[in-house]
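Engineer: First, the structure itself, so that you have it in front of you.
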Amino acid sequence: PTVTSPCKILKCNSEFWAATSGSHHLGTEEAPEFCTALRAYAHCTRRTARTCRGDLAYHSAVHGIEDLMVQHNCSKDGPTSQPRLRTLPPGDSQERSDSPEICHYEKSFHKHSATPNYTHCGLFGDPHLRTFTDTFQTCKVQGAWPLIDNNYLNVQVTNTPVLPGSTATATSKLTIIFKSFQECVDQKVYQAEMDELPAAFADGSKNGGDKHGANSLKITEKVSGQHIEIQAKYIGTTIVVRQVGRYLTFAVRMPEEVVNAVEDRDSQGLYLCLRGCPLNQQIDFQTIHSAQATEGRARRKGPSPPAPPEAFTYETATAKCREKLPVEDLYFQSCVFDLLTTGDVNFMLAAYYAFEDVKMLHSNKDKLHLYERTRDLAPGNEAPSGTSAALWVLLLCLSQCWLCLL
């Protein structure tokens, strides 16, 4: 079943946008009309406040209304009837290509310096997280969680149980808020849910609004209902959102400078792409993977209990995952884990597409694959898998020799 939200903030956003398109170009004589629209916007948000308590777009809208009220010297008391709908002038920014230089990250921020360092974060499957620092985690994180929260954009995901009563969760809703930025873009909200992957922002537009550099933010539909890409050139960022089966995947390429652009440093630890999942939300992937393999070997030695048709054994899950993921890295292991946990073959495709997005978005091609001991190795991850075991045997032998000498 699709997830339907009683929160109507996107409707409030759309009504306000439709009523005020182009109004920031108006003279002071139009200020009362703009204030009327703002009060109507505020009234709309209050009506849906109870059902929007955990919605990132709602809280962003509330703060945005307060800021606009102050900027335009609007009174909170007054008429709230919607002003006449405006039509965009011919040749509006939906068709402009002459964006100012400040709306192109590499040209404006790094005109006299080296190429920026880009980082990658991805979330897919049950869910599995690859952070900006190339840490790979499998997490529970049921409910709403922030993925990214900096000066330029917010990303929030909602994860729901895959099966009733199951601890396995997957991403059923995604909200991305691009904050207003100079003469480049207006604030834009993108929201996707299960079985609903729009090819436009919540207000129906496909770029950053009607500012001069609006085309520095664009949505492109790659596969209808399955794959969209958002280019935010003004912050050098690319976002890929997919629907695979019933659930969503997320991947982003972002400059380190943008990743670390946070006014409140203390709040940086609150979002997953930078700091990873809290310890109490992490699943010990390596231990579970070993247990799954042991269980698979045990089944070969004795009769197996009857299983439903959709269930995978360890052997059938590994065989299935090898069809798309021939390298036995953490993407392969997450695929096996998800098939055993959910029985849903679409999770194999989610792992496959997540790795395809890494190949497209990650700036260091030597770090595409991640392995179980990635965090214990030097950069390059080239140590053979038997290194730790060999070192342990050597230390054991040395300790025995030392006991003999004593």
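Taken together, the values in this text are just the output of simple stated rules run on the coordinates, not laboratory data. Values in this document were obtained by computation on a predicted structure and should not be read as measured data.
Engineer: When the scattering of region 102-275 is computed by the Debye formula from its Cα atoms alone, each counted once and equally, what is log10 I(q)/I(0) at q = 0.13, 0.18 Å⁻¹?
Structural biologist: -0.63, -1.19
Engineer: Another question, if that's okay. Quick one: Karplus J couplings for region 182-189, per residue in order, coefficients 6.51, -1.76, 1.60, θ = phi - 60°, nearest Hz, x for Gly and Pro?
Structural biologist: 6, 8, 8, 9, 7, 4, 10, 10
Engineer: Using θ = phi - 60° and the Karplus form 6.51 cos²θ - 1.76 cosθ + 1.60, what ³J(HN,Hα) does each residue of region 133-147 get, whole Hz, x for Gly and Pro?
Structural biologist: Rounded to whole hertz, the list is 9, 6, 8, 10, 9, 10, 10, 8, 5, 6, x, 8, 9, x, 8.
Engineer: Mind checking which lysines have their Cα closer than 27 Å to the Cα of residue 218? Skip sequence neighbours fewer than 8 apart in that chain.
Structural biologist: 8, 11, 107, 111, 173, 179, 188, 206, 233, 359, 365
Engineer: Work out from phi, with θ = phi - 60° and the Karplus expression 6.51 cos²θ - 1.76 cosθ + 1.60, the ³J(HN,Hα) of each residue of region 311-318, listed in order in whole Hz, and give x for Gly and Pro.
Structural biologist: Here the 3J(HN,Hα) series is 6, 10, 8, 4, 5, 5, 5, 5 Hz.
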